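Step one of this worksheet: look at the structure below.
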Amino acid sequence: MTQHEASTPPAPAPRERAASPLPQDEVSRWNRVRESVRGERARLQERHDRINERSGRNLGFAILIGCLIGAALLLSLLIAKPFFNLFGIATVALASAELAGAMRGAGRDIPRIPTVVFGSLVVPIAYFMGPSAQWLALLGAIVGTSLWRVAEAAVTSRKPSSGEVWKDLLAGAFIHLYAAFLGSFTVLLAAQPHGEFWVLGFIIPVVAIDTGAYATGIKFGKTKLAPSISGGKTWEGLAGAAVWGTVASVLVCQFMIGLPWWLGLFIGPLLLVSATLGDLFESMVKRDLGIKDMSGWLPGHGGVLDRIDSILPSGAVMFGVYVALGHLVN
């Protein structure tokens, strides 16, 4: 034996593997639990993706943007009503701009800047000067935008036909009627005594109608409501919207605007009709223009008009209710 071999210590015997701290059947059970949790997580993600696909929206962005808009609405209404006037001006300006842009993309030559400026002026005039001035402001907006378009057609090197110009004028008038005029009813309602509560008193049921239609339609929707206009609307969703909207209207009448609760049984269906028709009408406009959303300005929602399509006609309906009840009381 050499000196090196004598000085080398013997190799340690291999250590036995430590026994598992848990019995084998317990380990198997925990493995099954872990696999079950993974499977459930995958199913939830699949369901979430399927809901997003059916709704055509990213729910996370939609909820975040909806909360931000709701917070701005509440702050502008409840802190000082003139701030809501600014909120209304901004909303009508954005809605007019995106509708004018969508029509320009479809071939109509809409003067975008005068359309936005003249349309936005309808809102403060209605707020500060009342219904008579509101109608005059609408007429002025249509005339002003039309004269601008006629002047453009007169000085352009490529002379459009008179028929094309008339189509542009009608399209500009439609923008003012749809975005500016209908939008001004909400600020006109807010300008009335306790009007801020009446505005919330119709927006809350409209939001409930939209939410009820969406939730019920996702869960139970099978029968298409108007497949040639909007493929996502179902009769089952409409039934859910009717229940949600009527309950919200009853609560609003009882606790917010000082009306007997049973009037909510009438106001709720009125708002259901106006909100549903407003939604379907905007879908029809988009289908005619060949677009899915008016714009991509609001992540998860599309455009401003995509968010307020139910509110625009409902504001006019609620102002009519306010006036009618005022005359009945007086």
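The values are calculated or read from the model by the stated rules, or taken from the named source; none is laboratory data. All values reported here derive from a predicted model rather than from experimental measurement. Here the Cβ positions follow ideal geometry from the backbone for every residue, glycine too, while neighbour counts run over all protein chains shown.
Points worth noting:
- Between Val252, Val317, Val304, Val323, the distinction of being within 25 Å of Leu68 (Cα to Cα), more than 18 Å from the chain's Cα centre (by Cα) and among the β-branched types (Val, Ile, Thr) belongs to Val252 only.
- Condition check for Gly201: in contact with a helix residue (DSSP H, G or I) (Cβ under 6 Å, 6 or more places away or on another chain) and buried (at least 20 other Cβ atoms within 10 Å of the Cβ): yes
- Hits in the stretch 227-244 (condition: in a strand (DSSP E or B) and surrounded by fewer than 16 Cβ atoms within 10 Å (Cβ to Cβ)): Gly231
- Which listed residue, of Ile89, Ile65, is touching a strand residue (DSSP E or B) at 6+ places or on another chain (Cβ under 8 Å) and either in a helix (DSSP H, G or I) or surrounded by fewer than 17 Cβ atoms within 10 Å (Cβ to Cβ) (or both): Ile65
- Contact annotation: residue pairs with Cβ atoms under 9 Å, 6 or more positions apart or on different chains, pairing a residue in the stretch 289-311 that is among the aromatic types (Phe, Trp, Tyr) with a partner that is modelled with pLDDT of 85 or more, are Trp297/Leu94; Trp297/Glu98; Trp297/Val304.
- Selection from the stretch 182-224 of residues that are in contact (Cβ under 8 Å) with a residue 24 or more places away in the chain and not in a helix (DSSP H, G or I): Ala191, Gln192, His194
- Residues within the stretch 152-165 that are loosely packed, with under 12 Cβ neighbours inside 10 Å and part of a helix (DSSP H, G or I), tallied: 4
- For Arg50: the one exception among (1) of a type in the set (Lys, Arg); (2) under 23 Å from the mean Cα position of the chain (by Cα); (3) modelled with pLDDT of 85 or more: (3)
- Of residues in the stretch 106-130 being touching a residue at least 40 places away in the same chain (Cβ under 8 Å), closer than 18 Å to Glu152 by Cβ and assigned to a helix (DSSP H, G or I), the one farthest from the chain's Cα centre (by Cα): Phe118
- Every residue from the stretch 288-305 that is modelled with pLDDT of 85 or more and crowded, with 22+ Cβ neighbours inside 10 Å: Val304, Leu305
- Test: residue in the stretch 78-86 that is β-branched (Val, Ile, Thr), touching a Lys or Arg at 6+ places or on another chain (Cβ under 8 Å) and not assigned by TED's automatic domain parsing to the domain that holds Trp166: no
- Among the residues examined, Gly217 qualifies as under 23 Å from Gly70 (Cβ atoms) and crowded, with 21+ Cβ neighbours inside 10 Å.
- Any chance Leu94 is buried (at least 20 other Cβ atoms within 10 Å of the Cβ) and not basic (Lys, Arg): yes
- Residue match in the stretch 131-143 (condition: touching a helix residue (DSSP H, G or I) at 6+ places or on another chain (Cβ under 8 Å), over 13 Å from Ala173 (Cα atoms) and touching a residue at least 40 places away in the same chain (Cβ under 8 Å)): yes
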